[in-house]
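What follows is one structure encoded as structure tokens, with my remarks underneath.
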Protein chains: 2
Amino acid sequence: MLVDLDVKEFVDRLAAGVPTPGGGSASALAGCLAASLGAMVCDLTLGKQKYESVRPEMERAREALSGLRKDLLALVDRDAEVYDEVARALKLPRETPEQKQARQEALGKASQFATEIPVKTAESCLAVLEQILIVAEKGNSNAVSDAGVAAHLAHTGLAGAALNVRINLPGIADRARSAQIEQRVERLESDARQLLAGTKETVARRMQG
Amino acid sequence: MLVDLDVKEFVDRLAAGVPTPGGGSASALAGCLAASLGAMVCDLTLGKQKYESVRPEMERAREALSGLRKDLLALVDRDAEVYDEVARALKLPRETPEQKQARQEALGKASQFATEIPVKTAESCLAVLEQILIVAEKGNSNAVSDAGVAAHLAHTGLAGAALNVRINLPGIADRARSAQIEQRVERLESDARQLLAGTKETVARRMQG
């Protein structure tokens, strides 16, 4: 498993001239780092007398972020798997009409999978951004810059996942289906932009005083 | 060392309710992931007949990104060290005037260090963004989405490092010095925004055709 590598080895593997791990795994990892940082801010808030009144929100946010962190960590490896499936399909023989059709079908299935996984990453990153906004607004102000970093990371995870959806869309033969996925991704991107802007504003305000 | 932890342990430590590793280390890691992905795209370009004409640029970019990757990996741990130094200074006794002055001096030194390290992270992330733009323009078009993910990650590393500079600025007593650092950070942010915008445009164009 990629996530069992140490950080140094992980970035070595990422830098190597092989396609996996690639941008899809890196995007899921960015989302996972965001969820982790958000959970840290919750923990640095809970148990502090000064923040007693926001305890229920912080507990809910910590629980949500903790689940999202696990989902996104799993997506780091899932993304590499789907890429390998696409690569396998591309290598299938295409000499006879039967082979061509079998290859086309394998490629269609792999491409669908290869869009579904980054869509999941993008959706999880949006859910992280929603929690981070709450954490930035109500969490420990000494750690508000960490909430800001988390928002940037989650936004990048989503933007990166969106690129990985789009690069696999041409492999999906059903045009209506691929248009639907494109619309879903655009909506996620627009929601993420708004949440990032709101969080940046909150973080800047709370850092000033 | 933090970078000797496996990825799963690293995110566990990040999520834990202790301040380090925090947003500063996560920002340096984002920059390191960006440099790694950029180097991957260079490798997936070099040796391909179709891209023979861009070999010198790709070799230069790969070398630059490889150095930046190492710098940013080291900054993951350096950032945690400087935070610990600030925390130690804050805990110094402040009962006598002598103690107060010693604490103030220790805090000033630690704060200066705590701004210098994230400024270095931000500068390295900007250098990554400069290389990524070249890689996105001239590298293997099959991996152009990876260059796009890398640009988002490097931008996030810089934006996150900027937040970490700013949260430590109030600890610097010399107002002229801290204004100078603020100006430097604003310039880095504005350069990064432009490079990200240019790279996103290039990536979108090359993904379409």
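The values are calculated or read from the model by the stated rules, or taken from the named source; none is laboratory data. None of the values given here were measured: they were computed from a predicted structure. A quick note on method: Cβ atoms are made from the backbone with ideal geometry, for glycine too, and the neighbour counts reach across all protein chains shown. Accessible surface is based on the protein model in full, side chains and every heavy atom, while ligands, DNA and RNA are left aside. Shrake-Rupley method; radii C 1.70, N 1.55, O 1.52, S 1.80 Å.
Here are some notes:
- Cross-link partners of B:LYS109 among lysines (Cα-Cα below 27 Å; sequence separation of 8 or more within a chain): B:LYS70, B:LYS91, B:LYS100, B:LYS120
- With R₀ set to 22 Å, the beta-carbon distance separating A:LYS50 from A:ALA204 gives a calculated FRET efficiency near 0.55.
- GNM flexibility winner over chain B from B:ALA26, B:ALA136, B:ALA102 (Cα, springs under 10 Å): B:ALA102
- The long axis of helix A:23-45 is offset from the longest Cα principal axis of chain A by roughly 20 degrees.
- Placing +1 on the Cβ of every Lys and Arg and -1 on the Cβ of every Asp and Glu, with no other charges, gives chain A a dipole of roughly 340 debye about its Cα centre.
- In this simple spin-label approximation, A:ALA102 and A:GLN194 carry label points 7 Å from Cα along the Cα→Cβ vector, and these lie 4.9 nm apart.
- Solvent-free Debye scattering, log10 I(q)/I(0), computed from the Cα coordinates of region B:130-181 at q = 0.12, 0.24, 0.30, 0.31 Å⁻¹: -0.45, -0.83, -1.05, -1.09
- For the segment A:50-60, counting C-beta atoms of other chains within 10 Å of every residue's C-beta and taking the mean gives 0.
- The Cα atoms of region A:66-201 define a convex hull whose projected area, averaged across directions, is 8.6 nm².
- Note on the protein assembly as shown: with charges restricted to the Cβ of Lys and Arg (+1) and Asp and Glu (-1), its dipole about the Cα centre is near 660 debye.
- Rounded to the nearest 0.05, the FRET efficiency derived from the C-beta distance between A:SER141 and A:LYS91 at R0 = 60 Å is 0.65.
- Volume of the Cα convex hull of region A:1-60, divided per residue and given in Å³: 101
- Mean per-residue shielding of peptide B:138-151 is 5, counting Cβ atoms of other chains within 10 Å of each Cβ.
- For the pair region A:1-22 / region B:35-74, the C-alpha centres are spaced 16 Å from each other.
- Inter-copy separations for A:GLU52, label at 7 Å along Cα-Cβ, nm, ascending: 7.6
- Rounded tilt (10° steps) of B:144-168 against the dominant C-alpha axis of chain B: 10
- Shielding of peptide B:37-44 by partners, expressed as the average count of other chain Cβ atoms within 10 Å per residue Cβ, is 6.
- Normalised by residue number, the volume inside the convex hull of the Cα atoms of region A:1-124 is 100 Å³ per residue.
- Reported to the nearest whole Å, the Cα centre-to-centre distance from region A:76-115 to region A:149-209 is 26.
- Carbon-plus-sulfur accessible fraction, region B:123-209 (probe radius 1.4 Å, protein heavy atoms only): 46%.
- Backbone N under 12 Å from the B:GLU116 label point (7 Å along Cα→Cβ), restricted to region B:67-106: B:82
- The other copies place their A:SER66 label points at 4.4 nm from this one, listed shortest first, where each point is 7 Å from Cα along Cα→Cβ.
- Cα-based helix-to-principal-axis angle, A:97-138 vs chain A, degrees rounded to 10: 0
- Sorted from shortest to longest, the distances between the A:GLN101 label points of this copy and the other copies are 9.1 nm, with each point 7 Å from Cα along the line through the beta carbon.
- For chain B, modelled as a GNM whose springs connect Cα atoms under 10 angstrom apart, the maximal fluctuation among B:ALA150, B:ALA114, B:ALA87 occurs at B:ALA87.
- Rounded to the nearest 500, the helix-only mean residue ellipticity at 222 nm of the protein assembly as shown stands at -29000 deg cm²/dmol, with each DSSP H run of n ≥ 4 adding -39,500 (n - 2.57).
- Listed residues B:PRO93, B:PRO21, B:PRO170, most fluctuating in chain B (Gaussian network, C-alpha, under 10 Å): B:PRO93
- Based on alpha carbons, the Rg and Dmax found for the protein assembly as shown are 21.8, 89 Å.
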